[in-house]
Amino acid sequence: MGNCCEAICNVRKNTNVRVSLPAVCFVWQIAMVILFGVFIRYDDESDAHWEEFKEENNITSDIENDFYFRYPSFQDVHVMIFVGFGFLMTFLKRYSFGGVGFNFLIAAFGLQWALLMQGWFHALDPNTGKITIGVESLINADFCCAGSLIAYGALLGKVSPVQTLVFTLFGVTLFAVEEYIILDLLHCRDAGGSMVIHAFGGYYGLAISWVLYRPKLDLSRRLNGSVYHSDVFAMIGTLFLWMFWPSFNSAITDHGAGQHRTAINTYIALASSVLTTVAISSLSQKRGKLDMVHIQNATLAGGVAMGTAAEFMIMPYGALIVGFLTGIISTFGYLFVTPFFEKYLKLQDTCGVHNLHALPGMLGGFTGAIVAAAATESVYSQQGLIDTFDFEGKFAGRSVGTQGGFQAAGTCVAIAFGLVGGALVGVILRIPIWGDPADDNCFDDEVYWEVPEEEESIPPVLEYNNHMINKHQDLSESNFSVEQS
Amino acid sequence: MGNCCEAICNVRKNTNVRVSLPAVCFVWQIAMVILFGVFIRYDDESDAHWEEFKEENNITSDIENDFYFRYPSFQDVHVMIFVGFGFLMTFLKRYSFGGVGFNFLIAAFGLQWALLMQGWFHALDPNTGKITIGVESLINADFCCAGSLIAYGALLGKVSPVQTLVFTLFGVTLFAVEEYIILDLLHCRDAGGSMVIHAFGGYYGLAISWVLYRPKLDLSRRLNGSVYHSDVFAMIGTLFLWMFWPSFNSAITDHGAGQHRTAINTYIALASSVLTTVAISSLSQKRGKLDMVHIQNATLAGGVAMGTAAEFMIMPYGALIVGFLTGIISTFGYLFVTPFFEKYLKLQDTCGVHNLHALPGMLGGFTGAIVAAAATESVYSQQGLIDTFDFEGKFAGRSVGTQGGFQAAGTCVAIAFGLVGGALVGVILRIPIWGDPADDNCFDDEVYWEVPEEEESIPPVLEYNNHMINKHQDLSESNFSVEQS
Amino acid sequence: MGNCCEAICNVRKNTNVRVSLPAVCFVWQIAMVILFGVFIRYDDESDAHWEEFKEENNITSDIENDFYFRYPSFQDVHVMIFVGFGFLMTFLKRYSFGGVGFNFLIAAFGLQWALLMQGWFHALDPNTGKITIGVESLINADFCCAGSLIAYGALLGKVSPVQTLVFTLFGVTLFAVEEYIILDLLHCRDAGGSMVIHAFGGYYGLAISWVLYRPKLDLSRRLNGSVYHSDVFAMIGTLFLWMFWPSFNSAITDHGAGQHRTAINTYIALASSVLTTVAISSLSQKRGKLDMVHIQNATLAGGVAMGTAAEFMIMPYGALIVGFLTGIISTFGYLFVTPFFEKYLKLQDTCGVHNLHALPGMLGGFTGAIVAAAATESVYSQQGLIDTFDFEGKFAGRSVGTQGGFQAAGTCVAIAFGLVGGALVGVILRIPIWGDPADDNCFDDEVYWEVPEEEESIPPVLEYNNHMINKHQDLSESNFSVEQS
């Protein structure tokens, strides 16, 4: 292979991130330490002054600390972010390390920046100049990361770890701004984030991927697929996302019936998605065989699409219908839209985030608008309407029809932020300093990871070659070169 | 292989489910939408009228919504159903997709039908004609699916996805009826379902498998076993079942000490099962080697057997003894009873559900009967006896001895429903329209799944054959044939 | 290979555990039944007398049962012990069964013995002579196992299952004693166990491993490393540990703000560790590639190091700094300290527990001492200081400076117990009766497990050799030899 390989190597991009990756990690982590020092403090429910706070507010029991309302849901959301998204992205045969590992990196950085960005917009005390945080802040920070993780799904295998940190920095920033516009200025309701998380995150990733179009990605085609066990690993991700989606949508809804109803609606919608996904997947293949891509992804569409409406009185059959339709639409997306995008729009979407997040998120936003506009006092009760749509303060007089209009407008804002923001960030990511792989080098963990040598056939003791490099224990010359270099 | 293969193919059953699977999914899902529309509404604790309900019932804090008592346990149960049962069934070398995937399908359909069936029997408001649901309904729906998933364990690898949906429809129906008889008419206590879930589900699956006996199953023998990594995947299932079993048994027990005690007893019994399983497994093999089949399954027997008695005052040492004995019995079952069944009773039990569910479930039912009959007022307190056994209303005068008798009777009812119901459903499944595989074609994901080509040795870039079909991205002709056909 | 193999086999140690393993399991499990029968009862919150207890103590709602404060955290801790530690140890290419399986065995035995040992020291009622247990006891029992599981990390692949049970018996015993000295006599605070769990467990394992030094372990070098999929399995362990560490540290802290603040601090510290681990890992390798060993382990160091200080008012930026530094230190440990230990100290540490547990645990202990000594009434409030440091009873007059000193002393006690206890237990484990493997036979599941034959290339139907042994279904002669022998 001598000559050919050389020829390719010569034009191959420089994927050495030994300076840039540590530099970015250190700079950003040090910035976080400084900014946390200046801005972030505990809120009343997590501060050591809690006993005083309880007395002042006539709280009789520790169990009424918000921690006990939200911590179990928080942990479920946390599992979705790290194991759910992470393992869903292990499906590629040789990019499982990058799927789960860079997901981990993105989320661990993103949540710190999110605590700050969301804090400045939502929890900055004008008197003290401090942001106070509690368990709800942690949930929101995880949500905020979800936007960038969704975007990563479109880019999986085609970007360097430095690029992931760059688009996460901008992604979290954009998220905080669009969330402020949608939830505060437009006063939309979007507990599970159909609009602010899924539509935004999906279109953000698609726009970046469109700008980063790789005309010769076919050269990496041999690695852009799964093997048997990588598909089973991906099912770990799918199932943890599917099971905990009721917690995702209900994590920050109203205490009491609000959280309760949201969880029920999401549970029901997800069950419905599974059956229609199986139906369409079977219909689309020879002999009715199922495709793991559909089962891994489209079964989740019902959860995405219920992100806005789940806290409303959509009724159990309404939830079933939403799951029914989005399961179908999402599976059709994998069958037709992703190949169409790739062929005609020059848009390469590794995980098909268009079909799982962007489109169902948009549909979820509009579903929320319709359900909100159709709300009546007889169904919600007067107090129920006020609580559900937060018709208080300067929004006390808003009608449900108006609310529906604003919900629809909010969906458009999310999409616009995703598309425009993603296009701009894509341009930044094209600067040739980030160490991204060449077109024939994508979807390959070898580029950014020390990958263990495969030896399915383990040699017997005596034939064992002592020169073999043992990756886990023998940390020899190359490692010590930190000091030598 | 030309001629031989043709000869076999000619007699091979038609496993094309491209019409039947989508048809069944759509018909049943549409039926669910209609029935949910007619019958199912939110209960008082999840409805937007919650604030009114709180006032009427003098509930002072949102934290007393049943959601906060049960949602963490619900999510644990949910994980057991989808990841626990699902991954436990990935142990076969080439049926991991079918194990975790059809488990997903069964549960997603079953829980919808369970909400209706259990609702009609337990939560139908005679005035409005509506079923109201809350978090406890979701837990019960998951429990109800568990019965059919256990049955699937006996049939793993030998049935088509259409058949799984058929036996789930009947399984959930039978479950709801036997549950009504046992819990309501006989007034048994069975929080963790030793009787109604495990004994019923186990014998239901065994009876179906007996009717569907395949005399030439040996032809698929090469695939009826594990490989190294599939055994590790199965441990994911085992451990999530093992860890969350305390939540399973305590999920619907009484608020307060009831849930607390049930969780403790189950935790203790499970620990004991592990040690005796290891002991017997080691004793049974040459050189004392452990068998993964035992570790994956028999370690769970203590949880099954505590399903009834865990909420009683069985005492920690009582729980230890139950786990001790069932660990031994279950492991002996894998060693002797499953081979015996296969050889002499013509009963093929893929996962050995007899040893993990049917037998320990039955033993758990009788354990519950004995512990109930031995209850005394000094141990329980007067109020404790009333709460634990629900001696209220028309059962106010029942003695603990009588209760013990009814518990034993309930166990027999569960077994009878499983055996008779399973035999009848087995006959239905023999109708040759369901697309089940031939005897030499079992335990093989190729039959119902698009399986990625294995290429452990990934070819280098330049030698890569461009004609290779890429499963995940290139969705070409065969997929579009939905429209062409 | 005839002659050579014979030569080796002749000197090979006897790894037959068919007598010793079942014997130890049975003897110890029977001892547990007897001791539980004599000593262990339900506490007031899990006993059927709960309704009476509520009345006597003016508890108005079942939700104030400790179960609802701690059960979600308990389940998270439970997942860490069994899936977290278990899967983290599946990284070796051919010791995944031993990693996850013996972890299971250790924990299932250890928690029973821990309920007794911790009960005798902390919950023995002097009047009745009984230990009463509740959900907090279960959490503490899981914590106690963690010490022995950490020690197992240093010994992974080099000990027999009988040896794991022996060092667990002593490990749990030593743990209960050092915990009593540190928490009760010295009155330290150590909710997440930087000192009592991680420093103790880490040094305990290191001391045992030092005594059990194997000069010719290089003969097993071919198996002392990972393969691609085993590294992905290990990431399951890493992520569940990482995600649930906030629950680990907060599980037994004070109700209300105590649990809330501990969770927040741990969440923040862990995020910071990820970025500095990535930075150092990338810096240390050619071309900036990341090493899975670092990502799997050092990312967790922030959680270990926050085990003591997380419940204090360390402030979010303080938590970030702790995570920042320990991520760096732990990664450097993997790069330099483990190879140094192996080469110069004759200490073989399979999982590098020195870098993940021993060292960060010690640092966490001293961090706690400093943060405690720096506490002020203005930051904590008067009541907050009393609650956080439990300055009540005979410790009512202790100053924060004194407390800091005792915290530091406690750390030294934990280390001393680990080192001295481990050395003694190591001597016991050297007795040649435990069935440990020979130096050329380590890291190999074949020694203690029935391992399925690998057949990545599954033969076609007709060529299938009927004599092949099917492990999962065909339980033939060797199994029945229980009776024959």
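The values are calculated or read from the model by the stated rules, or taken from the named source; none is laboratory data. Keep in mind the model is a prediction, meaning the values are calculated, not measured. Don't worry about glycine lacking a Cβ; one is built from the backbone with ideal geometry, like all the others, and counts go over all protein chains shown. Heads up: the accessible areas ignore ligands, DNA and RNA and are worked out on the full protein's heavy atoms, side chains in. Shrake-Rupley method; radii C 1.70, N 1.55, O 1.52, S 1.80 Å.
Restricting to region B:234-292, count the residues that are touching a His at 6+ places or on another chain (Cβ under 6 Å) and farther than 30 Å from C:Asn65 by Cα.
2
Quick check on my filter: what residues within region B:370-387 are more than 12 Å from chain C (Cβ to nearest Cβ) and open to solvent by less than 10 Å² (accessible area, probe 1.4 Å)? Across region B:370-387, the qualifying residue is only B:Ala372. In region C:161-184, the condition of being in contact (Cβ under 8 Å) with a residue 40 or more places away in the chain and not in a helix (DSSP H, G or I) is met by no residue. Among the conditions (1) facing chain A (nearest Cβ under 7 Å); (2) closer than 14 Å to A:Phe104 by Cα, the only one that C:Thr277 does not satisfy is (1).
Within region B:371-383, none of the residues are in contact with a Gly (Cβ under 7 Å, 6 or more places away or on another chain), closer than 30 Å to B:Ala154 by Cα and either among the acidic types (Asp, Glu) or in contact (Cβ under 8 Å) with a residue 12 or more places away in the chain (or both).
Screening A:Ile63, A:Ile81 for residues that are buried (at least 24 other Cβ atoms within 10 Å of the Cβ) and modelled with pLDDT of 95 or more leaves exactly one candidate, A:Ile81. At least 2 residues being within 21 Å of the chain's Cα centre (by Cα) is the threshold, and among the helices (runs of 4 or more DSSP H) wholly inside region A:354-436 those reaching it are A:359-373, A:400-430. Applying the set (1) outside any helix (DSSP H, G or I); (2) surrounded by 24 or more Cβ atoms within 10 Å (Cβ to Cβ); (3) among the hydroxyl-bearing types (Ser, Thr, Tyr) to A:Ser209 leaves exactly one unmet item: (1).
Entry remark, region A:253-273: residues being surrounded by fewer than 24 Cβ atoms within 10 Å (Cβ to Cβ) and either of a type in the set (S, T, N, Q) or under 17 Å from A:Gln75 (Cβ atoms) (or both) number 1 in total. For region C:201-252, a tally of residues being within 11 Å of chain A (Cβ to nearest Cβ), touching a residue at least 24 places away in the same chain (Cβ under 8 Å) and among the β-branched types (Val, Ile, Thr) returns 3. Condition check for C:Ala298 on (1) more than 7 Å from chain A (Cβ to nearest Cβ); (2) under 13 Å from C:Gly327 (Cβ atoms); (3) open to solvent by 10 Å² or more (accessible area, probe 1.4 Å): one failure, at (3).
One residue stands out in region B:40-75 among those that are in contact with a strand residue (DSSP E or B) (Cβ under 7 Å, 6 or more places away or on another chain) and among the charged types (D, E, K, R): the one that is farthest from the other protein chains (Cβ to nearest Cβ), namely B:Asp43. Of the set (1) more than 24 Å from C:Ala199 (Cα to Cα); (2) within 14 Å of chain A (Cβ to nearest Cβ); (3) not small (Gly, Ala, Ser), all apply to C:Asp390 but (1). Filtering A:Gly134, A:Gly147 for residues that are in contact with a helix residue (DSSP H, G or I) (Cβ under 7 Å, 6 or more places away or on another chain) and either β-branched (Val, Ile, Thr) or surrounded by fewer than 24 Cβ atoms within 10 Å (Cβ to Cβ) (or both) leaves a single hit, A:Gly134. Residues considered: A:Gly397, A:Gly307, A:Gly352, A:Gly405. Of these, the only one that is touching a Phe, Trp or Tyr at 6+ places or on another chain (Cβ under 9 Å) and either open to solvent by 10 Å² or more (accessible area, probe 1.4 Å) or at pLDDT below 95 (or both) is A:Gly397.
Scan region C:105-125 and tell me whether some residue there is in a loop (DSSP other than H, G, I, E, B) and either within 23 Å of C:Leu185 (Cβ to Cβ) or open to solvent by less than 10 Å² (accessible area, probe 1.4 Å) (or both).
The first filter runs over region C:105-125 and keeps only residues in a loop (DSSP other than H, G, I, E, B), leaving C:123, C:125.
Pick out the ones that are also either within 23 Å of C:Leu185 (Cβ to Cβ) or open to solvent by less than 10 Å² (accessible area, probe 1.4 Å) (or both) and you get C:123, C:125.
Yes.
Within region B:42-91, being among the β-branched types (Val, Ile, Thr) and either in a loop (DSSP other than H, G, I, E, B) or in contact with a Pro (Cβ under 8 Å, 6 or more places away or on another chain) (or both) holds for B:Ile59, B:Thr60, B:Thr90.
Could you please let me know if B:Ile264 is more than 7 Å from every other protein chain (Cβ to nearest Cβ), in contact (Cβ under 8 Å) with a residue 24 or more places away in the chain and touching a helix residue (DSSP H, G or I) at 6+ places or on another chain (Cβ under 8 Å)? It is false that B:Ile264 is more than 7 Å from every other protein chain (Cβ to nearest Cβ), in contact (Cβ under 8 Å) with a residue 24 or more places away in the chain and touching a helix residue (DSSP H, G or I) at 6+ places or on another chain (Cβ under 8 Å). State whether one or more residues within region B:88-95 are more than 10 Å from chain A (Cβ to nearest Cβ) and either under 13 Å from the mean Cα position of the chain (by Cα) or closer than 16 Å to B:Gly171 by Cβ (or both). Yes. For C:Tyr334, the requirement of being surrounded by fewer than 24 Cβ atoms within 10 Å (Cβ to Cβ), on the phi < 0 side of the Ramachandran plot and at pLDDT 95 or above is not met. A:Gln296 falls short of the stated requirement of being in contact with a helix residue (DSSP H, G or I) (Cβ under 7 Å, 6 or more places away or on another chain) and without any contact (Cβ under 8 Å) to a residue 12 or more places away in the chain. For A:Ala408, the stated conditions do not hold, so it cannot be described as in contact with a Lys or Arg (Cβ under 8 Å, 6 or more places away or on another chain) and among the aliphatic types (A, V, I, L, M). Among the numbered conditions (1) within 14 Å of another protein chain (Cβ to nearest Cβ); (2) surrounded by fewer than 15 Cβ atoms within 10 Å (Cβ to Cβ), the only one that A:Asp445 does not meet is (2). Assessment of region A:458-478 against the conditions (open to solvent by 20 Å² or more (accessible area, probe 1.4 Å), within 10 Å of chain C (Cβ to nearest Cβ) and at pLDDT 50 or above) yields no matching residue.
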